[in-house]
Structure formats: structure tokens, C-alpha cells
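I have placed the structure first, in the form of C-alpha cells, so that the comments after it can refer back to it.
Just so it is clear, none of the values below were taken in a lab; they were calculated from the coordinates. Treat the numbers as computed from the prediction; the structure is a model and nothing was measured. Glycine also receives a Cβ, built like all others from the backbone with ideal geometry; neighbour counts cover every protein chain displayed.
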Amino acid sequence: MDAKAYWVGFNTIKGIGAVRMQALLDYFGDLEVAWHAPYDALCAAGLTEKIAQNVIVYRRHVDLEKLLCKILAQGIKVIIREDAEYPRRLREIAYPPPVLYVRGEIDPRDDWAVAVVGTRNASSYGRQVAAEVGKHLARNGITVVSGLARGIDRIAHESALDAGGRSLAVLGSGVDRIYPPEHRFLANQMIQTGALISDYPPGTPPESINFPPRNRIISGLSVAVVIVEAGKESGALITAEFAAEQGREVFAVPGNIFNPQSAGTNYLIQQGAKPMLKVEDILEELNLQQVVHTAALPLLPSDEVESSLFRLLSKEPLHIDDIRAQSGLPIERVSATLAMMELKGIIRQVGYMSYVLC
């Protein structure tokens, strides 16, 4: 049986997420072994008594091979964390989702992605900014990531596609359950030139509790997050919080102090997010201007920061934490600079977040 079937099997059991899946892998070394383990061993691996009992009951009634085949027959790809095609940036976060369900294609170009999120009740100002940001990113070869929600998310996706770029949508439901339903046409467009992604199994309904956790995937896929418009209670602020925890750059669009939709973005700026005063700010700050063309640059550092990191690296792998410590630079600056140096072909990543000179 395909090993992915065991990953899918555990993923479909309520209460088993990234943390408990990792606990099972650490204890048993293999999910096939874990699937057949007795109750006491499952508890010893870190599952609660209730969840361990759920596993025992569930595996008596499910045919994993048929379950996997049913998913694949719907044109849904199953990507597990051990697969080479698993998104590189998402793999870097703490406890990355063990299983991704994908309609469409995740492309190596998506390593260079920026998330654009915001309120569902966008003002005309917010809609204009989201459209300009999505278009500008797409024209510079940057994939636009968002959540397919009404308002800012929809505009960001549409503007990227209209500009001939790529866009990824991370859903709070199964990839076969498009929400909101009026975005089905947009979702089908994205499948042709990007992807719909979820860590929820197919058939999962769009319940409200599903949306905050999926925001960590939106930020995890991206090098930066742009909050266009958001109220103080907006889910976009959750995305910003995840982004900060993951070492991603956070940009916020300043707005009218009397407009509730700008209360959240203005607050983020007050807390240290970078204000986006023009659409060019994003790529200039991240040193990602014209990503498509930078791949042809000579294999030499182009500024003092790149030069300082270049001098630290050799043919021996050096972890990003050690690079940060030795350089004395902020982790977000180190991460962005290493990403650009890797794109240029000056360095390459080997293993988990360790780098060597090419």
C-alpha cells in the first residue's frame, strides 16, 4: 500500500494534527507501524485516551487504500511532508502541516510568494490597493497567496491572474468544498494557473473554527505578508501574528484613523509592522525586484549584507541560526538575503535551513 495512505488515515482522525502526527513519527518511526499499534502504545506515543480509542475504532471501519484512491480520483493531489514537492518555505515553519491536499500545481516559482490578505468588507480604497498590490507582485514574477475569502482576498487573487501571474488559495475547508460558493469560477481559474491548497481532508465543510488555523499556512508559504485592510478583530491580524512568529516580514497599509477597516492595519504599524506607502515598497524592502531576471545575475554578492553573509559561508553547511548569530543581523533580514542569494545561485540550501556556497 502507498505510504501516503497512512498519512491520510491519521489526518482524517479528529484531534490528530501536526504536533500529534510528529509525536507518532518520533515514537514509532513510521506511520504504518503507528497505524497498526495497540491502544497502550498509541497512548505511550502521546495520544490522549480518547483519541487513541478513536484510532482503534476508525481503523476497523476504513479501507485506507480505497480512501486514498477516492481522493486521487477527484483530481486531488496528496502531498506529504516527506515529498520533494512539498513547499520549501512551508517546510521551514514549526510543525508544518503533515498532509496537503492540492488541486492545481504547486510550482518551484511559488518559493517566491507574498500573501495579500484583509477584511471581507473592503472599502473602495482597500479594493484599489489590493488590486494594485496583486498586479504589481504578479508582474514581477511573485506568486500571490491568499485565502479565497470575500473582499481583499478575492481582489488579490483576481488581480494577480489578470496580470498573467500565479496565485495560491489556502482554504478553510476541503479543496472540493469551495467557500464562498460564488468564488467557484475564480477557484477554477486558479486551478489552471496556480493551486487550491488545504490541510483539511476532502469533504471538510467550511466551518468557522477551520479558518484561523489555515492562516499559518498562508503566511508559511510566503516570504512576506501584506495586510491591506483589517478591523481590530479581523482574521488578517491572526495571519500577521503567525507571520511574525515564522520570521516573515509583515507589511500593513495605513488608512483613515476614523475608518474601522483600517484600525487593525494602523495598529500593526504602531506595533512595528512596516507601513506600505507604495506598492514598490514590498519588493524593494525584500530585495526581490524583478525576480525573474535576477536569476541571470552573476554569481557575486550585490550589496554589503550579501557580502557579509557570503564571507560567513563555505562548502560546510551552516544553519540559519548560526548565520544570524555570526552576522549580528535580524533574522528576517538574514532570511530574505539568503533567499535572494539562493535564487541568484550564489548559495544553496542543504538539509533543514542550512546553507553552503555553490
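Residue pairs exceeding 29 angstrom between C-alpha atoms, taken from 135/274; 274/315; 14/77; 4/232; 70/135; 4/50: 274/315; 4/232; 70/135.
What FRET efficiency do you get for residue 48 and residue 208 if R0 is 25 Å and r is their Cβ-Cβ distance, rounded to the nearest 0.05? Kindly include the intermediate steps, with their values, before the conclusion.
Working: r = 24 Å, r/R0 = 0.96.
The calculated FRET efficiency here is 0.55.
When a/c is below 1.5 the answer is rounded, else prolate if a/b is larger than b/c, else oblate, so apply that to region 149-218 with a ≥ b ≥ c taken from the square roots of the Cα gyration tensor eigenvalues. The shape class here is prolate. Distance from the C-alpha centroid of region 1-68 to that of region 139-165: 37 Å, rounded to the whole angstrom.
For region 4-73, what's the relative contact order in percent, using C-alpha pairs closer than 8 Å and at least 6 residues apart?
Dividing the mean separation by the residue count of region 4-73 yields 39 percent.
With Cα atoms defining each centre, region 307-349 and region 108-128 are spaced 29 Å apart in the structure. A crude spin-label estimate for the pair residue 22 and residue 245, with each label 7 Å from Cα along the Cβ direction, gives 1.1 nm.
Of the DSSP H helices in the chain, those with a Cα length along their own long axis of 18 Å or more and a mean Kyte-Doolittle hydropathy reaching -1.0 comprise 49-61, 124-139, 331-344.
Rounded to the nearest 5, what % of the DSSP beta bridges within the chain are antiparallel ones? Write down the numbers at each step before the final one.
Details: 14 of 33 bridges.
Antiparallel: roughly 40 percent of the beta bridges in the chain.
When you work out D = kT/(6 pi eta Rh) for region 112-194 at 4 °C and 1.567 mPa s, using the Kirkwood radius from C-alpha pairs as Rh and the Stokes-Einstein form, the result is 106 µm²/s. In plain terms, the bigger the Kirkwood radius, the slower the diffusion; for the chain, with that radius from Cα pairs, at 4 °C and 1.567 mPa s, Stokes-Einstein puts D at 61 µm²/s.
Quote the Stokes-Einstein diffusion coefficient, in whole µm² s⁻¹, for region 10-164, based on the Kirkwood radius over alpha carbon pairs, a temperature of 4 °C and a viscosity of 1.567 mPa s. Mind showing how you got there, number by number?
Details: Rh = 18.2 Å.
After rounding, the answer is 71 µm²/s.
Averaging 1/r over every pair of different alpha carbons in region 104-286 and inverting the result gives a Kirkwood radius of 15.7 Å. Between the beta carbons of residue 107 and residue 58, assuming R0 = 30 Å, the FRET efficiency works out to 0.30 to the nearest 0.05.
Okay, helix-only estimate at 222 nm for the chain: each DSSP H run of n ≥ 4 adds -39500 (n - 2.57), divide by all residues, round to 500 deg cm²/dmol; what do you get?
Details: 18 runs with 165 residues, N = 358.
Using -39500 (n - 2.57) per qualifying helix, the result is -13000 deg cm²/dmol.
Calculate I(q)/I(0) for region 4-73 by the Debye formula, one identical point scatterer on each C-alpha and no solvent, and give its log10 at q = 0.20, 0.22, 0.23 Å⁻¹ to two decimals. After summing over all Cα pairs, the log10 values are -0.75, -0.91, -0.99. Given an 8 Å cut-off on Cα distances and at least 6 residues of separation, report the relative contact order of region 202-296 as a percent. Here the relative contact order equals 23 percent. Modelled spin labels at residue 284 and residue 357, positioned 7 Å past Cα toward Cβ, are 3.3 nm from each other.
In this simple spin-label approximation, residue 30 and residue 350 carry label points 7 Å from Cα along the Cα→Cβ vector, and these lie 2.9 nm apart. Applying the Kirkwood pairwise sum to the alpha-carbon positions of region 295-357 produces a hydrodynamic radius of 11.4 angstrom.
When Rg and Dmax are taken over the Cα atoms of region 107-148, they come to 11.1, 34 Å.
By the count of neighbouring beta-carbon atoms within 10 Å, fewest first, 319, 157, 136, 61 end up ordered 61, 319, 136, 157. Between the beta carbons of residue 40 and residue 66, assuming R0 = 25 Å, the FRET efficiency works out to 0.30 to the nearest 0.05.
I need to check one value: relative contact order of the chain, counting alpha carbon pairs closer than 8 Å and at least 6 residues apart, in percent. Don't skip to the end; give the middle numbers.
Numbers: 668 pairs, mean separation 45.4, N = 358.
Relative contact order of the chain: 13 percent.
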